[in-house]
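J.: Quick one: this structure, given as structure tokens, is what I'll be asking you about.
The values are calculated or read from the model by the stated rules, or taken from the named source; none is laboratory data. This is a predicted model, so every value here is computed, not measured. A quick note on method: Cβ atoms are made from the backbone with ideal geometry, for glycine too, and the neighbour counts reach across all protein chains shown.
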Amino acid sequence: MSEEKETLNFIEHIIEEDLKTTHNKEGLCFRFPPEPNGYLHIGHASSICLNFGLGLKYNAPVNLRFDDTNPAKEEQRFVDAIKKDISFLGYSWTKECYASDYFQQLYDWALLLIKEGKAYVDSQSSEDIANQKGTPTTLGVAGPYRTRSVSENLDLFEQMKTGDAPEGAHVLRAKIDLESSNMLMRDPVIYRTLHKHHHRTGTDWKIFPMYDWTHGESDYIEQISHSFCTLEFLPHRELYDWFLDQLVDPVKLRPKQREFARRNLSHTLVSKRKLARLVEEGVVQSWDDPRMPTISGLRRRGYTAASIKNFAEGIGVGKRDNLIDVSRLEFSIREDLNKKANRVMAVLDPVKVIITNYPEGETEWLEAENNQEDPEAGHRQVPFSRELYIEKEDFREEANKKFFRLKLGKEVRLKNAYIIKAEGCVKDEDGNITEIHCSYDPKSKSGSGTQESLRKVKGTLHWVAIKEAIPVEVRLYDRLFTDPSPDTHKDKDFMDFVNPDSLTVITGYAEPSLKELAVEDTVQFQRLGYFTVDPETTEDEMVFNRTVSLRDSWARLAE
RNA sequence: UGUCCCAUGGUGUAAUGGUAACACUCCGGUUUUUGGUAUCGUCAUUCUAGGUUCGAGUCCUAGUGGGACAACCA
């Protein structure tokens, strides 16, 4: 039974190789390093599952480290949201770290660089610096301040730190190689002045380290063995290593950066900064809008942690550009919810059915199975009476043999109830059907075991008794963008592809048992899809988000 | 007119240099009180050209295609 061969992804191959050569198992340590400038999305979920999954697999620590070096964009509320999302996914971090905790150490090391002539203060404008850097195809040239003396550099850097120098007047640059084919090695800026309030250090610091100077050194301080990031940082690796070269103690573990491809999801965006635009420009309500591919949006939509983790593990990790079809994500949530979600009945586009031979004013309570996939889920009672709602699309006056639903003169089963036959219908002056008149077979009650109840009827419909039904608000979601890859068009902005119909709000009618549900509970509206209770639910009205529809092979058949 | 990265079915991911596999999607059958689920099955894959080798998806070279790199962002 246990002979399936374990296949490793390329990240695991790297670790296994390191374990054979340079590392020992006790030294393994990973980290997840978000910048608190927005909410985490499904792409981060992949990274979280990768890093924390590695921690679990190798029994190694995994730190959560906030890369908080830019007070202009970062906020405490994002820190809180990020922690909540990771916890929701079911992971716990070994240490909660902040790059800002290392500001003093980073500063001390910067002093060292200056003293060794490996860093200098540049007092030019950012435009001049950029121009001197050249382009990917032309070499950079030295600026006038590159040869400043150590003491002058020390003095100026001190003024930057104290705030005596005006904001933006100087930067500290590493002195590396202006002719490198790697633009990042052309004397990168490592400190800039920012007279802004930082969410953790307040106004203590007036200088803030740049990403490249911060990240690898933070990894080193935390003794992270493997620092995994996305492909866009591949050119940064050379710099990462150069910085480490300047200060690493050979006795200590030297972290290594390796890169994997970001996971792109079709018909949405996997970029915090672009998602921020959707929020800022009001395309969606908030970061946790159920249409958003954020972890909190998916959660509100009804996605479970298990489904997100299964998705992340299922798609794996690689090094090539990719576009994962959103159907893979939908598969994950259906798979999970099929096992977990109780079945209930709700009608979203109602038409009235009158059971003409059923006594007026009577209500009987029928037993219904909560989830046939889970025998432990138990049963509940649903009311049945003379006037019901069914879906409009479940009735046709005439139809061919492929239409298994209700049609004139034919029988259909009402789920958990009786077999009915359509006898006639009433229309308004426009020809719209307003009432369907049916007869029912009293001996056909579901579960009664009678001959009549056992007879084969091709179609089974869901329904609600009108009198007992509760009206609920139902929010139906469609893909956020009409284009599979909205942000990869050179001549068009992704905003051009926003789907104007990504949200439809309707009123549905549900069986009364739904009143028992709490926020974030998810059920299957039988034959329709999975729906979860939204936090905006009030005493007066329940609000449901459609998580995902059921697979619908009829829809394809019917064109 | 640079440097670097990548290339396996429609999609994503596997395969100590030794029979190209798994999942999703699509399509079809069976079962079914959800046109759901389950289950069975069909179609479909190593970018091109050389080279190394008994043997190449894997190693080498070139080409082709795609991507990244010129923030006081991360």
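J.: Considering each of A:Leu239, A:Leu247, A:Leu323 in turn, give the residue that is of a type in the set (A, V, I, L, M), in the same structural domain as A:Glu96 (by TED's automatic domain parsing), within 12 Å of RNA strand B (Cβ to nearest atom) and out of contact with any Cys (no Cβ under 8 Å at 6 or more places or on another chain). I'd like the intermediate steps shown before the answer.
T.: Numbers: A:Leu247 fails: within 12 Å of RNA strand B (Cβ to nearest atom); A:Leu323 fails: in the same structural domain as A:Glu96 (by TED's automatic domain parsing).
Result: A:Leu239 is the single residue among A:Leu239, A:Leu247, A:Leu323 that is of a type in the set (A, V, I, L, M), in the same structural domain as A:Glu96 (by TED's automatic domain parsing), within 12 Å of RNA strand B (Cβ to nearest atom) and out of contact with any Cys (no Cβ under 8 Å at 6 or more places or on another chain).
J.: Which residue is surrounded by the most Cβ atoms within 10 Å (Cβ to Cβ), if the candidates are limited to segment A:16-36 and must be within 14 Å of RNA strand B (Cβ to nearest atom) and under 19 Å from A:Trp93 (Cβ atoms)? Before the answer, list the steps.
T.: If we filter segment A:16-36 for residues that are within 14 Å of RNA strand B (Cβ to nearest atom), which is where we start, we get A:16-17, A:20, A:31-36.
Then drop every residue that is not under 19 Å from A:Trp93 (Cβ atoms), which leaves A:31-36.
On the way: A:Arg31: 26, A:Phe32: 23, A:Pro33: 22, A:Pro34: 23, A:Glu35: 17, A:Pro36: 23.
Restricting to residues being within 14 Å of RNA strand B (Cβ to nearest atom) and under 19 Å from A:Trp93 (Cβ atoms), the top hit is A:Arg31.
J.: Shifting gears a bit: A:Ser227: under 26 Å from A:Lys319 (Cα atoms), part of a loop (DSSP other than H, G, I, E, B) and either touching a helix residue (DSSP H, G or I) at 6+ places or on another chain (Cβ under 9 Å) or not assigned by TED's automatic domain parsing to the domain that holds A:Ala110 (or both), yes or no?
T.: no
J.: Please go through segment A:473-530 and pick out each residue that is away from RNA strand B (no atom under 16 Å from the Cβ), part of a loop (DSSP other than H, G, I, E, B) and exposed (fewer than 12 other Cβ atoms within 10 Å of the Cβ).
T.: A:Pro500, A:Asp501, A:Ala518
J.: Do the conditions hold for A:Pro209, that is, is it in contact (Cβ under 8 Å) with a residue 40 or more places away in the chain, over 25 Å from A:Phe481 (Cα atoms) and crowded, with 22+ Cβ neighbours inside 10 Å?
T.: For A:Pro209, the condition - in contact (Cβ under 8 Å) with a residue 40 or more places away in the chain, over 25 Å from A:Phe481 (Cα atoms) and crowded, with 22+ Cβ neighbours inside 10 Å - is met.
J.: Working only within segment A:531-559, note down all residues that are part of a loop (DSSP other than H, G, I, E, B), among the charged types (D, E, K, R) and free of Cβ contacts under 8 Å to residues at least 12 places away in the same chain.
T.: A:Glu536, A:Glu539, A:Asp540, A:Asp552, A:Glu559, listed by residue number.
J.: Follow-up. For the structure I just gave you, tell me whether A:Gly55 is outside any strand (DSSP E or B), assigned by TED's automatic domain parsing to the domain that holds A:Thr214, more than 10 Å from RNA strand B (Cβ to nearest atom) and closer than 21 Å to A:Leu269 by Cβ.
T.: no
J.: Test of understanding: among A:Gly409, A:Gly378, which residue is closer than 30 Å to A:Glu335 by Cβ, small (Gly, Ala, Ser), without any contact (Cβ under 8 Å) to a residue 24 or more places away in the chain and outside the structural domain of A:Glu511 (by TED's automatic domain parsing)?
T.: Checking each option against the conditions leaves just A:Gly378.
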